[in-house]
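The values are calculated or read from the model by the stated rules, or taken from the named source; none is laboratory data. All figures in this text were calculated on a predicted structure; none of them were measured in a lab. We place every Cβ from the backbone using ideal geometry, glycine too, and count neighbours over all the protein chains shown. To get the accessible areas, we keep the full protein, side chains included, count just its heavy atoms, and leave off ligands, DNA and RNA. Shrake-Rupley method; radii C 1.70, N 1.55, O 1.52, S 1.80 Å.
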Amino acid sequence: MLNVAVVQLHPLENKAANIDRAEGFIRVAAAAGARLVALPEYFSCYGRAVSPVSVAAVYGEAAETIPGPTTERLQALAHELGIHIHGGSFFERRGDALYNTNVIVDPAGDVLGVYRKIHLFEARAPELTYREESAVTPGTEIVFTDLEVDGRSTTVGQTICYDIRFPELYRVLVAEYGSEILFVPAAFPRETGRDHWELLLRARAVENQAFVVAPAQWGEQADGSWLHGRSMIVDPWGTVMATVPDGEGVAIASLDLDRLATYRQNYPNLQNRQPDVYSSSSKEVV
Ligand SMILES: O=C(O)CCC(=O)C(=O)O
């Protein structure tokens with residue numbers, strides 16, 4: 001059994017305070033037995049938590065390199081507590097570009113995986129306008145990471161928020177790279193989250209026969225918008241194993257990876273895919 005925790009945060013203006021609260025919840029989760037603790041998207045600084053006028057400046061100021069103070073703090077914490085930490089995501093600076101990036105840190109304090117969000121969120125609706133690409137550059141690499149937890153090895157796929165709408169990414173992470181756990185740190189707005197968040201997470205879990213670990217941001221922002229929250233851990237059958245209600249907090253679930261292997265054998269959906277047919281150029285037109 002692998003005990004995994006999701007941390008739900010209410011992002012505030014102050015980056016240092018956000019990181020302090022994240023650390024507090026990581027400690028709570030570790031004390032409750034979690035061996036892997038996952039943080040939400042933009043856990044240290046979330047754009048709409050700050051007044052709209054200063055958003056661009058705040059993004060730039062909040063951005064860090066890897067290694068940098070935030071990853072070093074996660075590394076020290078993982079080492080001290082003897083756990084893995086999935087560092088949600090934060091603004092990463094590489095040269096002149098900013099990325100929405102997450103890392104996984106192991107109990108030795110080493111950074112194992114660096115993933116840069118591939119699909120950047122865009123909404124052009126009357127009720128919701130957002131263009132992440134105005135500040136952030138899209139990543140171009142699929143990232144999966146091999147972890148050794150409690151003497152068992154597993155492969156995890158790293159994704160972020162809006163990525164959940166692109167099932168192709170998850171299929172590759174599972175069918176080509178063997179991921180058993182899919183991470184989806186997020187900051188879903190309430191407008192889309194209330195109807196799509198749980199549906200998308202459970203769909204990705206069922207169709208890929210994988211655990212989905214989805215820590216989320218929650219709460220009202222400085223611009224009056226709301227983040228949906230409802231962090232959750234979903235099992236490969238699509239059942240929600242644990243969730244965080246409104247507010248900040250932690251939820252923990254025990255993932256049975258041995259049972260996952262049996263389940264994939266009993267229901268060989270992944271083996272029954274027909275990729276040759278999907279990519280075939282011959283079509284029968286009736
Ligand atoms: O897909 C959605 O509805 C929300 C995505 C999002 O908020 C994000 O990627 O930051």
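Quick look at the values:
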quantity: Segment 2-285 - charge dipole about Cα centre, Lys and Arg +1 at Cβ, Asp and Glu -1, debye rounded to 20; calculated: 340
quantity: Euclidean distance between Cα centres, segment 200-261 to segment 16-36, Å; calculated: 17
quantity: Average projected area [Cα convex hull, segment 114-261], square nanometres; calculated: 9.3
quantity: Gaussian network model of the chain, Cα within-10 Å springs - most flexible of 13, 80, 92; calculated: 80
quantity: Accessible area per residue, Å², the chain with all protein chains present, probe 1.4 Å; calculated: 44
quantity: Positive-pole candidate from 29, 228, 98, dipole of segment 2-285, charges at beta carbon; calculated: 228
quantity: Additional length obtainable on full extension of the chain from residue 127 to residue 283, 0.36 nm per residue less Cα span; calculated: 52.1 nm
quantity: Those residues of segment 143-159 whose amide nitrogen sits under 19 Å from the label point placed on residue 261, 7 Å along Cα→Cβ; calculated: 145-157
quantity: The chain, helix-only ellipticity at 222 nm - DSSP H runs n ≥ 4, -39,500 (n - 2.57), divided by all residues, nearest 500; calculated: -8000 deg cm²/dmol
quantity: Point-to-point label distance, residue 72-residue 96, nm (Cα→Cβ direction, 7 Å offset); calculated: 2.8
quantity: Separation of the residue 110 and residue 237 label points, Cα + 7 Å toward Cβ, nm; calculated: 3.7
quantity: Percent accessible area from carbon and sulfur atoms, segment 2-285, protein chains only, probe 1.4 Å; calculated: 50
quantity: R0 of 41 Å, Cβ-Cβ distance residue 16-residue 190: FRET efficiency to nearest 0.05; calculated: 0.95
quantity: Of the DSSP H helices in the chain, those whose Cα atoms cover at least 27 Å axially and whose Kyte score averages 0.0 or more; calculated: none
quantity: Overall form of segment 198-286 per C-alpha gyration tensor (a/c, 1.5; a/b vs b/c); calculated: oblate
quantity: Along principal axes, Cα extents of segment 217-256, largest first, whole Å; calculated: 41, 17, 10
quantity: Sequence of 142, 160 when ordered by accessible area, the most exposed leading, probe 1.4 angstrom; calculated: 142, 160
quantity: Angstrom value of the Kirkwood radius, inverse mean 1/r, which spans all Cα pairs in segment 1-153; calculated: 16.1
quantity: Highest-fluctuation residue, 44, 153, 231 considered, GNM on the chain with Cα pairs under 10 Å; calculated: 153
quantity: Top of 194, 273, 171 by mean-square fluctuation, Gaussian network on the chain, Cα under 10 Å; calculated: 273
quantity: Cα point-scatterer Debye curve for the chain, base-10 log of I(q)/I(0) at q = 0.11, 0.13, 0.15, 0.16 Å⁻¹; calculated: -0.59, -0.83, -1.10, -1.26
quantity: GluC sites (Glu not before Pro) within segment 195-284: DSSP coil, no more than 10 neighbouring Cβ in 10 Å; calculated: 284
quantity: Alpha-carbon Rg/Rh ratio, for segment 65-152, with Rh computed the Kirkwood way; calculated: 1.07
quantity: Extension gain (nm, one decimal) between residue 153 and residue 27, 0.36 nm per residue minus Cα-Cα; calculated: 43.0 nm
